[in-house]
1. So what does Y605 come to for accessible area, using a 1.4 Å probe and Å² rounded to 10?
2. Between 0 and 90 degrees, rounded to the nearest ten: what's the tilt of helix 662-671 against the longest Cα principal axis of the chain?
3. What FRET efficiency comes out for the pair A359/E287, r = Cβ-Cβ distance, R0 = 30 Å, nearest 0.05?
4. Given a 1.4 angstrom probe, I'd like the percentage of the accessible area of region 348-441 that is carbon and sulfur, rounded to a whole number.
5. Out of all DSSP beta bridges in region 648-748, what portion is antiparallel? Express it as a percent rounded to 5.
6. So for the pair E68, E559, with labels modelled 7 Å out along Cα→Cβ, what separation do we get in nm?
7. Can you compute the modelled spin-label distance between E731 and D329, with each label point 7 Å from Cα toward Cβ, in nm?
8. How much mean residue ellipticity at 222 nm does the chain get from its helices, if each DSSP H run of length 4 or more adds -39500 (n - 2.57) and you divide by all residues, to the nearest 500 deg cm²/dmol?
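The values are calculated or read from the model by the stated rules, or taken from the named source; none is laboratory data. Just so you know, these numbers come straight off a predicted model, no measurement behind them. Cβ placement follows ideal geometry from the backbone for every residue including glycine, while neighbour counts extend to all protein chains displayed. We work out accessible area using only protein heavy atoms, side chains counted, and drop any ligands, DNA or RNA first. Shrake-Rupley method; radii C 1.70, N 1.55, O 1.52, S 1.80 Å.
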Amino acid sequence: MELTMDKLKQELRDYYINFRRETMEQTLPEADRAAREIILADMDKFLEANPEIHPSLLKAHLHELIAENFVPKIFPHSPFFYETGMRPAEYWGIPMQPFIQPASWMSNRFKHLAGVTKEAKYCSSLSLHNQTSDLPPLWSGSQGFDEDHHCPGYTTLMRTGVSGILDKISLRQQEKCSEEQLAELDAMERSCRALLRIAERFTAEAKRLLKNETDPESISNLELIARTARRIPANPPQTFYEGLAMLWFLREVIASLEGVGISVIGHTDRLLIDLYRDDIAADRLTEDAARKLIGQWMMPNDIKTFAREREWPETSTCIMLGGCDKNGDFVWNELTRMFIEEHCRLDLINPKLNCRISAGAPQEYLELLVSKNLEGHNNFALINDDVLIPAQIKYGKTPEDARLYVNGGCQETMCEGVEHTAGAYYYFCMPQFLHLFLSRKRLEPEGVPTGISNAINVKLSGIKTYDEFYKYFTDSLKLAIGTGAELNRNIGEEYPRINPCPLFSASLSGCIENARDYKSGGAKYNLSGITLIGLGDIVNSLIAIKHLVFESHLLSLEELRKIIDSNWENNELLRMQAQSLPRYGHGIEEGDIIATRFASEIAAYIRTLPNERGEHFQPSFFVYATYKTFGTKTGATPDGRLAGDLLSQGIAPHREHAPQSLTDVIRTIDKIDFTDYPGNAVLDLQLPAGGKIPPEMLVSFCRVAATAGVPTLQLNCVDVKTLQEAQKNPEAYSHVLVRFSGLSIVFVKLEKSFQDEIISRTMYAV
């Protein structure tokens, strides 16, 4: 087995080195270069000849061109077929330059539709990523629509095959349809057939390679591919191998055709367990053979992303494990164990392991997760069914749909096969807004939208009580959040013309029935996300204002504003007093009451905000790396935080004057109803590695955390001394993996500021 894996590793590396984004225009093989040039030239001519064509039909034409012109690549030591050479090695589908990814031709050709509006300019002027604006950033994201974090309808596709989808389209075409609906259905049909054409061409390529192959294992793989690509994905898989092949083919090819980020490969232990058990019962498969297949299946995602060589190896690619099925029965089986064990045995970084847990999760399952985490495999996000299933139901999903939720990208939540929630494209920095709200500086109205100007340029002289301040502040905050949502909604309305996705849409429940692309609101559910940054900073600041201004009367609100503007200059004693007050996450009643009230009110408001697809926004406290990137650009806050300091991370307490007891942290989180946050909320905790925590104790803690309503738990088990040594001698510590935001990273590859941030985190004991 190991010899096969080594040969496969080398085959993958030899091929993908030419497909790295940074160098592929110089290293791309001639055949692949010619294919791309043919596709792009044809698209230009086709649009010129058909300027009024429906956008979805234009995209379907692009799919057909890719299907006929791509160069199939098969790796002889892998039984899987998927590589079309149509996008960079390390990328998972998100739009980029069309030569780099032909699927992005429409995104680039029509991006001006979203970029010239007043709303787009307002969004850009206040964005974290704007390099030319002098305005303080309030938000970040893709401006209008989240082109990442997608999950196709794997459950349906595995049950019916693409042929079943085509039958469904055909029946809908026979019903009463408008011209617009017929165009959408025609595009879905043509795109599905393009997908099948790609599979046919892999069969032909495998047969061609067989003519000259002499290696017995390679011959076996090529024969398997030649047979399987005739069946998959047209028909449902009949074996464990076919199930794996279908999931990986669908993920890779849909991403390469649609130019959107397909972030979830599937809920593998749920989708594949019956196929595995049938194979075992029929003596078609052994456990060792299954483990080999799992390794061969996961390895391409790890090798092609060059995860051990990149400073920021984001791949947005996850597999789901554990949790429950649509009936609510636990998913913990032979495959759950094998996927985790093989991932760790092969020392993989990708794909990310998103593991659903609950307070009642099987003991063996939690023991396995904890044991691997404590060994330094910082690969896991532990995602709580006890919070996220009720959260989905609260926001209108059926229990059956809610139970099949997945988390893609990092931990952004969606219900598989029925929606795309646009989970992490609108991040709002609440501490920055608080700073601007208190600051006596003014934003010029011509540079920002009216809603932001009205929310920030306020007079506070008439406020006499804390309750008055709280209402004034939260009303203004809501106005600002709502203004950003409106801007994004107006831009998002253009995306059905910019980059429709008929193939992806065909896999989602609702799109065929409604004969409408998912970007036009065709799916069964059509929610959008708002990610809130800085919960701990806001709660700590509200406590400080309450005590220092309205109870102790140590200073007036106007004096506090001057202090904020001066970044606490010459007020160090007062700053220490602010930091010594009760704080979020310390399990203190006063702070818990403020946190609970604030989180509930903001969530209720966000749910009232309409999105561009006919439904509404939903909140999350998933913050990725923005607690650091926004922190460097966020002004001083009343809790004693200085300008440029880190913000609080997700729903964790701020590391400045952090509680030392995990019990206190859990006590606070237990008070907040995170079922109001269906987009997810993440608690990151740093724990000591190296046997300092008994595994059984950490298992018990995971159950307590699930019972207390922690939506997602990320444990980073590290030894700080080891990390400090790694900074001095990186060559000797290339094996050390850390969990950062929603991904796992080789510690020594991080830039030093990120390394220092991890070292400085609060180290908790269990």
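1. 60
2. 90
3. Values: r = 30 Å, r/R0 = 1.01.
Efficiency for this residue pair is about 0.50.
4. 50
5. Working: 4 of 11 bridges.
DSSP beta bridges in region 648-748 are roughly 35 percent antiparallel.
6. Each label point lies 7 Å from its Cα, and together they span 7.8 nm.
7. 5.6
8. Working: 32 runs with 372 residues, N = 766.
After summing the helix terms and dividing by the residues of the chain, the value is -15000 deg cm²/dmol.
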